[in-house]
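These notes concern the structure reproduced below.
The values are calculated or read from the model by the stated rules, or taken from the named source; none is laboratory data. This one's a predicted model, so the numbers in the text were calculated from it and none came from an experiment. Don't worry about glycine lacking a Cβ; one is built from the backbone with ideal geometry, like all the others, and counts go over all protein chains shown. The area values use the complete protein model at the heavy-atom level, side chains included, leaving out ligands, DNA and RNA. Shrake-Rupley method; radii C 1.70, N 1.55, O 1.52, S 1.80 Å.
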Amino acid sequence: MMSLTDSLRILILLLLFIAPIQPGNGLLFAFQNGEAGLQEVEDGEVVRKIRFTGNEHIRNATLRGLIRTQTNREFLGIPRFTPWYYIWQLTGRFGESPALLNRSVLGNDMERIRLYYENIGFFEAAIDTTIVEYRPERVEVTFLIDEGPPSRIQSISYTGVPEFENPELLESFYMNNRFSQQAVDDTTFRTDVRYNAQQLREEQTRIINFMRNNGYASVQRDSVRALIRRDSVDPQLLNVLFLIASGTPYTFGDLHIRLSGPEGGEEYTQTQTLSEPPFTEGGKTIYIEKDTTAQTEFDLLTDQILFQPGDRFNNSLYLQSVNEFQNLGMMTIRRFGLSEEGSLPDYSNSEIPVYFDLQTLPRYSIRTEFFGMRRYGFGTGAGINYSNNNLFGRAENLTIGFNTSLEYVTSSTLREIAPRDSESQTTSGAQIFQSYEARTEYTVPRLNFPFATLDKRPLFTSGRTRYSLTYSQSNQLYFDINSDIRFNLRYEVPHTDRYSSFLDLIELDIIDTDPSSEFRQNLIDEFGEDSFEFLRIEEDFRPQFSSIIRYTLRSQNTNLIQRDYGYFSEYSLSIGGNLPYLMDRYLFSAGEINGTLPSPLGLSGNSLGYSQFIKFSLDYRRYHPIGPESVLAWRGFAGYAHPYNESETIPLSRRFFAGGSNDIRGWAPFRLGPGEIRPDEVTINGGEIKLAAFLEYRQIMFHDLLSADWYLAGFSDAGNVWYGPRNSFHDQDNVNILEDGKFYFDRFYRQIAVSSGFGVRMDWEYIVARFDFAFRVHDLQLGWLENRNMYFSFGIGHSF
């Protein structure tokens with residue numbers, strides 16, 4: 001509950017922040033055609049409101065982004081609610097100083113708006129400005145916009161296009177233009193689009209790239225010009241003619257590659273010369289020189305070259321080859337260019353040579369770490385990681401790591417977290433829980449079997465294959481993990497700057513657990529030996545063999561740290577359990593299905609269970625800049641998993657969960673749902689269905705405070721997880737005890753948990769620290785607005 005003192009403080013702040021604005025006897029002044037008529041309104045008065053009128057085709061937000069005349073920052077977009085300015089008024093030092101009127105800046109704003117309208121086809125647009133002084137030293141600025149009629153492009157023509165030997169190239173050039181495919185003749189196309197200078201620039205860029213990728217290396221910006229002519233009947237209709245000065249075609253000349261060692265020496269004692277197909281054409285030569293300390297195979301260097309010396313020049317293949325060297329991860333590019341000096345190519349010669357000057361990074365590295373922890377008691381641990389960045393001389397990366405930890409738990413803590421039956425057991429003393437993990441990861445910068453043939457094809461040239469193997473053991477309270485073996489074979493392909501694919505062809509997780517008799521006895525004491533709860537919890541924690549094949553498509557055009565524009569999306573489809581099923585049916589059971597497999601390598605006498613299932617998820621996030629210093633972000637998530645064949649549920653590690661600092665804030669991780677079941681009554685953790693929606697508004701409070709931008713954020717999260725249709729159990733009275741956690745279309749919306757709150761973001765260039773304070777708006781047990789507790793969470797990076 002809020003105290004009286006807190007209430008008075010909030011009331012005083014509101015009275016200070018939302019000060020009443022008294023109407024004044026302001027006078028109306030105006031700029032006419034960019035000239036000031038403000039003899040009585042001086043520079044230095046506070047701009048409190050900016051308006052736009054007459055802008056039917058352009059949004060206010062777009063125009064506001066063009067101008068430099070600004071008001072003080074408004075909180076949550078509330079007009080004239082500028083708390084940072086009010087803080088400055090109270091302190092004279094902190095907060096945000098007043099946004100003052102500057103007539104010179106205002107005149108530039110008018111010209112900037114006019115040029116913007118001109119660029120989108122409103123050539124007759126006129127901009128005026130009025131200024132109202134509604135209070136002493138407080139003004140309102142209004143931009144008066146007369147847009148005029150828009151101009152439209154009715155035809156696009158091209159001249160100067162060279163005659164390519166391949167007629168399909170010429171057809172591709174014309175048919176891929178950005179305006180129309182309705183041909184009037186061979187070089188002219190009919191269209192009907194509003195004039196837009198940006199589209200013309202994009203078409204100019206397309207023409208330049210097309211020419212440079214098909215031999216015409218000397219084509220630059222000034223080689224492609226757009227001439228615009230008004231129609232003789234209707235001056236608002238335009239005809240555009242692109243004049244192309246393509247010059248002469250070029251071929252790739254000799255290729256020179258130099259590779260030095262980590263120390264950067266210039267002793268190139270190892271050389272190789274290639275002057276025959278399939279490496280070169282037309283008598284051209286590849287010259288390779290490298291230092292002995294580079295310890296790199298020659299064929300690694302030639303494999304990254306996507307063009308052949310002697311072929312027609314292709315600027316795209318040249319730049320992609322540069323990226324191929326960069327993506328190896330074991331070398332840096334000291335210099336690359338189309339001339340030995342690194343200057344512009346010699347266009348007087350029909351052959352353009354290519355030069356690469358490379359340097360390998362240090363091959364070996366060892367990193368150690370020491371850490372402390374606290375779970376049930378106090379613990380410590382240590383780890384060591386060895387990395388070889390060029391294992392066999394072909395940019396293979398091998399990482400081997402090992403860590404271990406010890407945790408000391410006192411007898412009093414043990415009695416508190418796991419009380420014993422004093423009549424049947426004696427209380428033991430303190431215990432030490434220990435665990436260790438060994439892991440190996442091997443990565444190659446190319447696609448291996450069975451996708452090796454794709455490695456040199458477009459959209460697959462930067463593929464990567466990753467193998468990882470992890471083995472761990474740990475002791476826990478009444479519960480030991482004898483072995484946890486995980487193996488993953490993953491293919492990663494960044495197709496473009498925006499799209500990436502991830503294929504987990506083999507992902508295995510073999511967990512051999514050994515619950516103690518005390519563990520089983522505690523469950524029996526709480527639920528009963530024949531209860532469903534006991535059987536399902538025992539099923540979740542029994543030894544298991546989990547396998548999965550998963551494909552993920554990721555698309556993004558946002559900065560993954562700041563997340564202040566664009567979007568991020570990820571779509572995933574998984575199929576699990578088929579490998580252990582096939583082993584059970586054909587390898588161990590000779591046509592029969594037992595539902596279990598023996599422990600691998602005889603590590604224990606336990607049998608491993610498995611489940612077959614299909615799972616997919618959709619995750620979409622959007623970031624809308626609202627002015628230069630605020631962002632509105634939203635996210636939608638949907639996931640569904642369904643067991644099939646003889647399976648009725650999916651492994652615990654593959655289920656959906658809700659709650660936590662990166663999910664539904666206001667609930668601890670994994671503590672929300674399924675459905676409306678109380679957290680202390682959940683017997684089957686997680687669910688097969690998940691729906692969630694998130695909304696967050698962020699606005700900068702302070703710039704460059706402790707070298708970071710400080711954001712104030714308001715957010716709202718909603719969602720839950722549910723059991724799927726096959727997840728059910730009926731007691732002796734034929735009552736489904738999982739009913740409250742199952743998904744039903746006619747009631748799931750009443751089981752959506754909602755949390756809202758506010759937070760602070762500290763945004764450095766490479767990391768974001770996040771502090772959130774959430775309230776449960778809809779608590780599934782207490783109802784709407786009945787839970788007044790505040791829940792704190794901390795995270796690194798934005799929540800989404």
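With a Förster radius of 56 Å applied to the beta-carbon distance between residue 108 and residue 292, the computed FRET efficiency rounds to 0.35. Available extension along the chain between residue 588 and residue 62 is 182.6 nm, counting 0.36 nm per residue and deducting the alpha carbon span.
Compute the relative contact order of the range 572-705 as a whole-number percentage, counting only Cα pairs closer than 8 Å that sit 6 or more residues apart in sequence.
With pairs under 8 Å counted, the relative contact order is 21 percent.
Listed values for the range 791-799 are Karplus-derived 3J(HN,Hα) couplings in whole Hz (6.51 cos²θ - 1.76 cosθ + 1.60, θ = phi - 60°), namely 10, 9, 9, 10, x, 9, x, 5, 4, and x replaces Gly and Pro. Summarised in one figure, the compactness ratio Rg/Rh of the chain, Cα atoms and Kirkwood Rh, is 1.02.
Computed extension length for residue 487-residue 91: 136.5 nm, one decimal, from 0.36 nm per residue of separation with the Cα-Cα distance subtracted. Once the 1.4 Å probe is applied to the protein heavy atoms, the range 318-401 comes out at 54 Å² accessible per residue.
Taking the average, over residues, of other Cβ atoms within 10 Å as the packing measure, peptides 694-701, 719-726, 433-440 rank 719-726, 694-701, 433-440 from highest down.
Of the GluC sites (Glu not before Pro) in the range 736-800, which ones lie in a loop per DSSP and count no more than 16 other C-beta atoms within 10 Å? For GluC sites (Glu not before Pro) across the range 736-800 that sit outside H, G, I, E and B with at most 16 neighbouring Cβ atoms in 10 Å, the list reads 765, 786.
Close amide H partners of residue 702, meaning residues 5 or more places away or on another chain with modelled amide H under 5 Å apart, are 710. Overall, the accessible surface of the range 133-286 at a probe of 1.4 angstrom is composed of carbon and sulfur to the extent of 45 percent. For residue 193 and residue 436, the FRET efficiency from 1/(1 + (r/R0)^6), where r spans their Cβ atoms and R0 equals 41 Å, is about 0.05.
Rg over Rh for the range 248-321 works out to 1.02, both radii taken from alpha-carbon positions and Rh defined as the Kirkwood radius.
Spin-label model, residue 275/residue 263: points 7 Å from Cα along the beta carbon direction are separated by 3.3 nm.
Restricting the trypsin sites (Lys or Arg not before Pro) of the range 454-493 to loop positions (DSSP other than H, G, I, E, B) with no more than 15 neighbouring Cβ atoms within 10 Å leaves 456. Counting only Cα atoms, the range 607-723 measures 59, 28, 27 Å along its principal axes, largest extent leading.
The tail of the calculated P(r) for the range 277-370, taken as Cα-Cα distances beyond 22 Å, holds 35 percent of the pairs. The packing ranking, built from the mean of other Cβ atoms within 10 Å per residue, places the peptides 179-189, 608-618 in the order 608-618, 179-189, highest first.
The mean sequence distance of close C-alpha pairs (under 8 Å, at least 6 residues apart), as a share of the length of the chain, puts its relative contact order at 5 percent.
For residue 52, the amide hydrogen comes within under 5 Å of the amide hydrogens of 143, counting only partners 5 or more places away or on other chains and with H modelled in the peptide plane. Relative to the current alpha-carbon distance between residue 505 and residue 181, full extension at 0.36 nm per residue lengthens the span by 112.4 nm. Database remark: amide H of residue 777 closer than 5 angstrom to the amide H of 754, 755, 756 (H placed geometrically; neighbours at sequence offset of 5 or more, or on other chains; Pro and chain starts carry no H).
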